[in-house]
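Engineer: Structure incoming, see below.
Coordinate-derived values only; no laboratory data. Owing to the predicted nature of the structure, the values given are computational and were not obtained by experimental measurement. In this analysis, Cβ positions are derived from the backbone assuming ideal geometry, glycine residues included, and neighbour counts consider all displayed protein chains.
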Amino acid sequence: MNSLQLQHEISIIRDMIAKTRRETAESGHLFITLGIVWVAVTLAIGLLEMNAVNYLIWPVLLIALVLTLVIALMIGLREGKRERVQSYPRQIFGALWIAVAIPAIFVSFVFPMTGVYEPDLVPVFVSPILGIGFFLTGIIYESKGIVYCSLSWWIGTVLMAYLGGYARLYIMIAVLIIGYIGPGLILNIQYKQKTRTNED
Amino acid sequence: MKTEAILNLDPVIHAPVRLAVLSVLIMAEEADFNYLKEATATTDGNLSTHLNKLEEAGLITIRKTFRGKKPHTTCRLTVKGRKAFNRYIDQLEQIIHGK
């Protein structure tokens, strides 16, 4: 085997690894879209409270929940259709977010709607759960940026536990931007970098 | 030692298409036939031949199912395949470093 053959073998391995990494990369579209939806929903809830039309809060939240499920399903189906390569990180990522979504729905909707606790405590209880989801997403995709963003959920939980009223609302919006949209943007940048590397 | 390392290279892996297939599967849990065909830039027949050789050597498993009415073939690396690929990389390193 001469050095040219050796270089050719190494370039084959490198190319295939780069292509497959690109194919299994997470686009971040789901987090960006849902992050924007939930920032809008949180702002809407704040406005409804300010204008004392609290009876509309639950219908808005239920519409947001249905919208979240529809968006997750649509993006999941779209990305699933072109999924020709299955990787362990993607499988773990999918399982993790199912495991996070179920307790998040209980804590955000089922418990407050059935009177277990006051609805204004929802951000305090749901934030640690979402923090786990984003922290582990950062570990799965080896992104320190996502791990740092995920810390905002736990810092936010502590602040929201002790600060009530509109302060809680503003903190929740900040946490949604840093901890929800932030990881989505990081994943999207990584995804685009991998696409570019693959096209070069 | 370098010559010995070259002679020891696994002949099943030492073919561009088969090396490419194993390089994909080392990164993924499972890959479908169309993806492998596109990634390796080869024809259906050529890829099938190489996949069969890898399966006969016990390096991959091939699963044939149906997606709706269309046949769907997926490939997966076996434990033996993973070990063989890692050994192959070690041998390439030995050749590069002239050990």
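Engineer: What average number of partner chain Cβ atoms lie no more than 10 Å from the Cβ of the residues making up B:35-48?
Structural biologist: If you average over the peptide's residues, the count of other-chain Cβ atoms is 2.
Engineer: Another question, if that's okay. So if I take the centroid of the Cα atoms in segment A:113-136 and the same for segment A:20-67, what is the distance between those two points in Å?
Structural biologist: Result: 14 Å between the Cα centres.
Engineer: Given the DSSP H assignment, sum -39500 (n - 2.57) over each helix run of at least 4 residues in the protein assembly as shown and divide by its residue total; what's the result at 222 nm in deg cm²/dmol, nearest 500?
Structural biologist: It comes out at -23500 deg cm²/dmol, rounded to the nearest 500.
Engineer: Can you give the mean number of other chain Cβ atoms that lie within 10 Å of the Cβ atoms in peptide A:135-147?
Structural biologist: Averaged over the peptide's residues, the number is 0.
Engineer: Moving on to the next point. Would you mind calculating the gained length between A:Gln7 and A:Lys144 on full extension (0.36 nm times residue separation, minus the Cα-Cα distance), in nm to one decimal?
Structural biologist: Extending this stretch completely gives an extra 46.0 nm.
Engineer: Given a Förster distance of 35 angstrom, what is the FRET efficiency for B:Lys37 paired with A:Val37, based on the Cβ-Cβ distance and rounded to 0.05?
Structural biologist: Efficiency for this residue pair is about 0.35.
Engineer: Label A:Tyr191 and A:Val158 with points 7 Å out from Cα along Cα→Cβ: what is the distance between them in nm?
Structural biologist: Using points 7 Å along Cα→Cβ, the separation is 3.3 nm.
Engineer: Go ahead and run the numbers for FRET between A:Met50 and A:Thr114, Cβ-Cβ distance against an R0 of 45 Å, rounding to 0.05.
Structural biologist: Here the calculated transfer efficiency is 0.95.
Engineer: For helix B:16-27, what angle does its Cα long axis make with the longest principal axis of chain B, in degrees from 0 to 90 and rounded to 10?
Structural biologist: 80
Engineer: State, to one decimal in nm, how far the label point of A:Ile98 lies from the label point of B:Phe66, with both points 7 Å from Cα in the Cβ direction.
Structural biologist: Those two pseudo-labels are separated by 2.5 nm.
Engineer: Please report, in debye to the nearest 20, how large the charge dipole of segment B:2-97 is about its Cα centre when each Lys and Arg carries +1 at its beta carbon and each Asp and Glu carries -1 there.
Structural biologist: Result for segment B:2-97 is approximately 380 debye, rounded to the nearest 20.
Engineer: Between their Cα atoms, which of B:Lys53/B:Lys80; A:Lys192/B:Lys83; A:Lys19/B:Lys37; A:Lys144/A:Lys194; A:Lys144/B:Lys83 are more than 24 Å away from each other?
Structural biologist: From B:Lys53/B:Lys80; A:Lys192/B:Lys83; A:Lys19/B:Lys37; A:Lys144/A:Lys194; A:Lys144/B:Lys83, over 24 Å: A:Lys192/B:Lys83; A:Lys144/B:Lys83.
Engineer: Placing +1 on the Cβ of each Lys and Arg and -1 on the Cβ of each Asp and Glu in the protein assembly as shown, which of A:Ile140, A:Ala104, B:Ile95 has its Cα farthest towards the positive end of the resulting dipole?
Structural biologist: Value: B:Ile95.
Engineer: Angle between the Cα long axis of helix A:144-162 and the longest principal axis of chain A, 0 to 90 degrees, nearest 10?
Structural biologist: 10
Engineer: What does the structure give for B:20-28 when I average, per residue, the other chain Cβ atoms found within 10 Å of the residue Cβ?
Structural biologist: 6
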